[in-house]
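Here the structure is laid out as structure tokens; the discussion comes afterwards.
The values are calculated or read from the model by the stated rules, or taken from the named source; none is laboratory data. On a predicted model such as this, the values are computed, not experimentally measured, just so you know. Every residue, glycine among them, receives a Cβ derived from its backbone with ideal geometry; neighbour counts consider all protein chains shown. Areas reflect the complete protein model, heavy atoms only, side chains present, ligands, DNA and RNA absent. Shrake-Rupley method; radii C 1.70, N 1.55, O 1.52, S 1.80 Å.
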Amino acid sequence: LQLVYAVPAGYRGLLVQYHNSVARGSDATFKLKVKEFGRVFQTRAVLEMRNDSYDHISMLTNPIPAKSDIEIRGKVDTGTAAVSASFELLLVQDGY
């Protein structure tokens, strides 16, 4: 499964919050990545976790431009484990 989103043309995105979790007894590393149009993915946040969940509430700074791709990648340190991630994005139409 994937957590990916593309900001539509004519809008900018403001990250409201994101949530990550990993199953008990497991370690995982999550990366929030953004690829602005015509560029490469850049890591905006890294979070290392052990059997926990984490909610990050943003201050709505650093708008994400139109046509940017957003994703959260999670990697378990050893073996396999259940992980999950989600984010909320506020879309603002250009001109507002």
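Key figures for this structure:
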quantity: Total residues in region 65-96, condition among the aromatic types (Phe, Trp, Tyr) and either out of contact with any strand residue (DSSP E or B) (no Cβ under 8 Å at 6 or more places or on another chain) or open to solvent by 70 Å² or more (accessible area, probe 1.4 Å) (or both); calculated: 1
quantity: Boolean, VAL16 is under 23 Å from ASP94 (Cα atoms), at pLDDT below 95 and touching a strand residue (DSSP E or B) at 6+ places or on another chain (Cβ under 7 Å); calculated: yes
quantity: Checklist (1) open to solvent by less than 60 Å² (accessible area, probe 1.4 Å); (2) at pLDDT below 90; (3) in a loop (DSSP other than H, G, I, E, B); (4) of a type outside the set (Ser, Thr, Tyr) applied to ASN62, failing item; calculated: (1)
quantity: Restricting region 10-33 to residues that are farther than 20 Å from VAL83 by Cβ and in contact with a Phe, Trp or Tyr (Cβ under 9 Å, 6 or more places away or on another chain), the residue that is least open to solvent (accessible area, probe 1.4 Å); calculated: GLY13
quantity: Only listed residue being open to solvent by 70 Å² or more (accessible area, probe 1.4 Å) and at pLDDT 90 or above, chosen from ARG50, ARG44; calculated: ARG44
quantity: Residues of region 19-50 satisfying the condition of being part of a strand (DSSP E or B) and either closer than 20 Å to LEU91 by Cβ or among the aliphatic types (A, V, I, L, M) (or both); calculated: HIS19, VAL22, ALA28, LEU32, LYS33, VAL34, LYS35, ARG44, ALA45, VAL46, LEU47, MET49
